[in-house]
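The values are calculated or read from the model by the stated rules, or taken from the named source; none is laboratory data. All of these numbers come straight from a predicted model, not from anything done at the bench. Neighbour counts are summed over all protein chains in view; Cβ atoms, including those assigned to glycine, are modelled from backbone coordinates with ideal geometry. The protein model used for the area step is the full one, side chains on, heavy atoms only, and it has no ligands, DNA or RNA in it. Shrake-Rupley method; radii C 1.70, N 1.55, O 1.52, S 1.80 Å.
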Amino acid sequence: MKTGMVEATPIPAPARVLLTGATGFLGRHVLEELLRKGYRVRCLVRSPQKLPSGVAATPIVGDITQQEAVSRAAAGCQAAIHLVGIILQSRYARYDDIHRLGAQNVVRACASQAVRRLVHLSALGARADAPSAYLRSKWDGEQEVRNSSLAYTILRPSVIHGPGGALAQLLVRLARFPFLMPLPGSAEGLLQPVLAQDVARLAVQALSLPHTAGQTYDVAGPSLCTLEELLQAVSAVINGRHRRTLRIPLPLLMMVAGLLERLLRHPPFTREQLGLLSEVNVCSLGPLFRDFAFKPQPLDESLRSYLPMPPKT
């Protein structure tokens, strides 16, 4: 445990937990896992109607950039799981506001409301000198958490996939292209995709594991692959076979992504995402095996659990 940190104790159900990012891709899985374990959940949300219908959680309307709203949401909670993040900046949402200031607001809210435990989601590869503004802002958010006196656990996942996720949707679209599957020409970097449900289980499990306080964990799945290998794995599930690929030069894709970002509110891919393909996105799972008894689902098995299967002939 870090010196100066409040003592970490288990936070068992039915403790009340603040969850930020509950309406996002990963947040929906974390919310489901919290409720399955018997926790009472308060969700800081801008749009309560985006929560799953009939979910047994208390929505608190507010924004992660508003200190008063975050403090109001944290009132009466014993723990918090902070997930809010963005992959694409806009004039309404900047990386620094969401990732650094958002983390700062959560830390201050927890301290002012006597919240005993914090689980914070960052990203694998986050560092001060990262070429990606996204990863630099994720690092700044981590520092806000580390410099606090809270009993925190930081999770840094590799690329996350799962039902409803942007990555899975993009790969399915590529795998269904007629004739050839398009692929960035320089997509040779290694990935270690992790299933969203596995990340959700780790986030909730950390609440009951005091020995994970003050620790930062890189999180990934059991399989190392290139983007092409991942795309072929998706194709094997939805098409029943591997298919030939068409390599598209990355500079051309960057130009297309820039145009899509200007024209569309939710572009299918962004320059930031393309740039992240060159990042090293693999890690050792040893600390997770040791401290969480982590058992990630194999990649092929996890893809078959949610991707559409080809029609039987």
As a test of the formula, what do you get for the chain when each DSSP H run with n ≥ 4 contributes -39,500 (n - 2.57) and the sum is divided by the residue count, at 222 nm and rounded to the nearest 500 deg cm²/dmol?
-10500 deg cm²/dmol
Once the other residues with Cβ under 10 Å from the Cβ of Ser90 are scored (Lys, Arg +1; Asp, Glu -1), what is the net sum?
+2
Once the convex hull of the alpha carbons of region 46-161 is built, what does its volume come to per residue, in cubic angstrom?
114
In debye, nearest 20: dipole of the chain around its Cα centre with unit charges on the Cβ of K, R (+) and D, E (-)?
680
May I ask you to list the GluC sites (Glu not before Pro) in region 1-90 that are in a DSSP loop and have at most 15 other Cβ atoms within 10 Å of their Cβ?
Glu7
So which GluC sites (Glu not before Pro) in region 108-196 are both in a DSSP loop and have at most 13 other Cβ atoms within 10 Å of their Cβ?
Glu188
Arrange the residues Thr226, Thr216 by how much accessible surface each exposes, largest first, with a 1.4 angstrom probe.
Thr216, Thr226
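Taking N as the number of residues in the chain, what value does Rg over Cα atoms divided by 2.2 N^0.38 Å take?
That works out to 1.00 for the chain.
Provide Lys37, Lys138 ordered by accessible surface of protein heavy atoms (probe 1.4 Å), highest first.
Putting Lys37, Lys138 in descending order of accessible area: Lys37, Lys138.
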So what is the accessible area of the chain per residue, in Å², with the probe set to 1.4 Å?
47
Counted charge near Gly62, where neighbours are those whose Cβ lies closer than 12 Å (Asp, Glu -1; Lys, Arg +1)
+1
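Calculate how many DSSP beta bridges within the chain are antiparallel, expressed in % of all such bridges and rounded to the nearest 5.
Values: 1 of 35 bridges.
Of those bridges, close to 5 percent are antiparallel.
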Span from the region 40-104 Cα centroid across to the region 154-194 one, whole angstrom:
27
GNM top mover of Ala196, Ala69, Ala79 - the chain, alpha-carbon springs below 10 Å
Ala69
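In whole percent, what relative contact order does the chain give with Cα contacts below 8 Å and a gap of six or more residues?
So the answer I get is 18 percent.
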In region 135-185, which chymotrypsin sites (Phe, Trp or Tyr not before Pro) are in a loop and have at most 12 other Cβ atoms within 10 Å, using DSSP for the loop call?
Phe179
Under 10 Å, Cα contacts only: if you run a Gaussian network model on the chain, which one of Arg16, Arg136, Arg244 comes out with the highest mean-square fluctuation?
Arg244
Which residue fluctuates most in the GNM of the chain (Cα springs below 10 Å): Tyr134, Tyr92, Tyr217?
Tyr92
Working from Cα positions, state the angle (0 to 90°, nearest 10) between the long axis of helix 227-238 and the longest principal axis of the chain.
80
Measure of exposure for Leu44: accessible area at 1.4 Å probe, Å² rounded to 10, is 10
Please state the shape class of region 194-313: rounded when a/c is under 1.5, otherwise prolate if a/b exceeds b/c and oblate if not, all from the C-alpha gyration tensor.
oblate
Counting only protein heavy atoms with a 1.4 Å probe and every protein chain in place, the carbon and sulfur fraction of the accessible surface of the chain in whole percent equals 55
Net charge around Ile11, counting only other residues with Cβ within less than 11 Å of its Cβ (Lys, Arg = +1; Asp, Glu = -1)?
+4
Quick check: the angle from helix 196-205's long axis to the longest principal axis of the chain, C-alpha only, nearest 10 degrees?
20
Suppose we keep just the DSSP beta bridges with both residues in region 108-256; what percent of those would be antiparallel, to 5?
5
